[in-house]
Amino acid sequence: MHIYLLDDDPKVLAANAFLLKAMGHDSRGWSEPTRFLQEFDGDAEAVLLLDLAMPELDGLEVLAELGRRQCPVAVILLTGHGDVPQAVEAMKLGAVDFLEKPVDARRLAEVLARAWQQAQALGQQADARRRVARLSAREHEVVTLVAQGLTNKAIAEQLCVAVRTVEVHRASAMTKLEAANMAELLHCWQLYQG
């Protein structure tokens, strides 16, 4: 499990890294939000322990940016003085939880487990988006109609093409989506749809 730490207070950063190490987890930390956003691996499934109050960009702004980038990073917000409106906004932006500093080890262990599950789900969605991006415009149309339950014949009629053309696009789409059967194709499509 990749665990990232982002906190502008070096003492808090070191304390959280020490706590995670004691729990058996390695982590990588940053004290500057812009540097974190430039350097972290945006394709890797990860959990981020994110400070809410930072001078350059606050935790909610970092969380929003991760959402815009569609990164498979599950976020746990940490604060010394959070309030209810901030917690509500964090949850709307997709945060797993909102913890007060200093972090309780037992509570963190529980939240990390949930966060890792969310990171894996986000990773599956990101993978599905990458696979769907390989489709041509026509393959995308065909898969959309297949997902709606249309037969090859009905798809051919709707797209004004031959049934054989639909079969060719469907087979090509299956290959690009790495789907061995219809269930896998539909699963990938559902993940892509979010």
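The values are calculated or read from the model by the stated rules, or taken from the named source; none is laboratory data. Please read these numbers as outputs of a predicted model, since none were measured by experiment. Glycine gets a Cβ as well: all are built from the backbone with ideal geometry, and neighbour counts include every protein chain shown. SASA here: full protein model, heavy atoms, side chains in, ligands and nucleic acids out. Shrake-Rupley method; radii C 1.70, N 1.55, O 1.52, S 1.80 Å.
What do you reckon, is residue 41 at negative phi and either under 19 Å from the mean Cα position of the chain (by Cα) or of a type in the set (Ser, Thr, Tyr) (or both)? So residue 41 fits the description; yes. Against the conditions (1) over 30 Å from residue 192 (Cα atoms); (2) touching a Gly at 6+ places or on another chain (Cβ under 8 Å); (3) modelled with pLDDT under 95, residue 99 satisfies every one except (2).
When the residues of region 120-145 are filtered to those that are over 12 Å from the mean Cα position of the chain (by Cα) and open to solvent by 70 Å² or more (accessible area, probe 1.4 Å), which remaining residue is nearest to residue 45 (Cα to Cα)?
For region 120-145, the residue satisfying everything is 130.
Of the residues making up region 176-192, those that are open to solvent by less than 60 Å² (accessible area, probe 1.4 Å) and either more than 24 Å from residue 123 (Cα to Cα) or not in a helix (DSSP H, G or I) (or both) are 177, 179. Looking across region 53-72, the residues that are touching an Asp or Glu at 6+ places or on another chain (Cβ under 8 Å) and either part of a helix (DSSP H, G or I) or in contact (Cβ under 8 Å) with a residue 60 or more places away in the chain (or both) come down to 59, 60. Exactly one of these conditions fails for residue 117: (1) of a type in the set (S, T, N, Q); (2) in contact with a Ser or Thr (Cβ under 9 Å, 6 or more places away or on another chain); (3) surrounded by fewer than 16 Cβ atoms within 10 Å (Cβ to Cβ). Give me its number. Looking at each condition in turn, residue 117 falls short on (2). Being in contact with a His (Cβ under 6 Å, 6 or more places away or on another chain) and not charged (D, E, K, R) is a property that residue 14 lacks. Of all residue pairs spaced 6 or more apart or on separate chains, those with beta-carbon atoms under 8 Å, a first member in region 111-135 that is among the β-branched types (Val, Ile, Thr) and a second member that is part of a helix (DSSP H, G or I) are 132/140; 132/143; 132/188; 132/189; 132/192.
If you go through region 90-111 and keep only what is closer than 18 Å to residue 44 by Cβ and surrounded by fewer than 21 Cβ atoms within 10 Å (Cβ to Cβ), you end up with just 94. What number of residues in region 160-175 are crowded, with 16+ Cβ neighbours inside 10 Å and either touching a residue at least 12 places away in the same chain (Cβ under 8 Å) or in contact with a Pro (Cβ under 8 Å, 6 or more places away or on another chain) (or both)? Result for region 160-175: 5. State whether one or more residues within region 76-89 are at pLDDT 95 or above, surrounded by 14 or more Cβ atoms within 10 Å (Cβ to Cβ) and among the acidic types (Asp, Glu). No: region 76-89 contains no residue that is at pLDDT 95 or above, surrounded by 14 or more Cβ atoms within 10 Å (Cβ to Cβ) and among the acidic types (Asp, Glu). Within region 81-106, the set of residues being more than 21 Å from residue 70 (Cβ to Cβ) and in a strand (DSSP E or B) comprises 98, 99, 100. Among the residues in region 100-108, are any in contact with a Leu (Cβ under 6 Å, 6 or more places away or on another chain) and under 16 Å from residue 52 (Cβ atoms)? The answer is yes; a qualifying residue exists.
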